[in-house]
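Everything below concerns the one structure shown next.
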Amino acid sequence: MSVPHDLPLRFRSLELPVEHVEDARLRALVTYWHHKCAGRRMPARREIEPADFRDLMGRILLLDVLRDPLRFRFRLVGTLLVEAIGFDPTGKLTTEAGPRGYLDEVEGHYRAVVERRAPIYHRITFDWVSTEMGVPATLQRDYVRLLLPLADDGENVDMILAASVSDASWGLAWRKATGTER
């Protein structure tokens with residue numbers, strides 16, 4: 001399913017210190033990632049065992065980092081995320097998988113992970129005007145997302161492990177705002 005790229009949505013993100021991750025599942029994932037670093041800057045994908053964080057499985061993304069030029073491709077998209085956004089972007093470049101304003105924002109986050117070679121944590125908020133009840137109303141939803149770099153050589157990011165957490169209404173709101181509701 002294609003997603004319109006010029007929607008009347010506004011996106012904002014706020015980078016927060018990774019030490020301030022509130023969700024217990026995301027905190028456990030940060031601890032797990034640090035443990036897997038084993039003295040290196042970051043672990044390799046082969047060292048990450050998805051069964052070790054089962055409670056986040058449906059909320060996980062794996063992104064391939066492509067170079068020359070720097071781009072990102074969805075390698076794995078958790079089932080809860082697919083359900084929330086209304087389509088499966090697995091195998092697509094990030095530039096092919098959502099509204100342009102949103103993609104510009106999150107691709108900036110992905111680039112920052114590659115450049116910094118360190119975890120990044122954001123609260124992402126989007127709002128839009130709905131006329132569903134007959135009168136225009138501004139609606140807003142947010143979610144938090146943790147991005148963890150992975151590198152086969154321990155130094156150069158070649159994959160990003162992402163986990164997102166939101167309330168249950170986020171997916172329905174996203175699908176209505178982007179026109180991907182099934």
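What distance in nm separates the two pseudo spin-label positions at ARG117 and GLU105, each 7 Å out from Cα along the beta-carbon direction?
3.0 nm
Given labels modelled 7 Å from the Cα in the Cβ direction, how far is it in nm from ASP142 to ARG41?
3.1 nm
How much net charge surrounds PHE72 when only other residues with a Cβ under 12 Å from its Cβ are counted (Lys, Arg +1; Asp, Glu -1)?
+2
Fully extended, how many nm does the chain gain between ARG75 and ALA24 (0.36 nm per residue separation, minus their Cα-Cα distance)?
15.8 nm
By how many nm would the segment from ASP52 to THR31 lengthen if fully extended, with 0.36 nm per residue of separation less the alpha-carbon distance?
Here the answer is 6.4 nm.
Scan around LEU76 for amide H atoms under 5 Å from its own, H built in the peptide plane at 1.01 Å from N, and keep only partners 5 or more places away or cross-chain.
HN-HN under 5 Å from LEU76: LEU62.
Just so you know, all these numbers are worked out from the coordinates, no wet-lab data involved. Quantities reported herein were computed from a predicted structural model and do not represent experimental measurements. We place every Cβ from the backbone using ideal geometry, glycine too, and count neighbours over all the protein chains shown.
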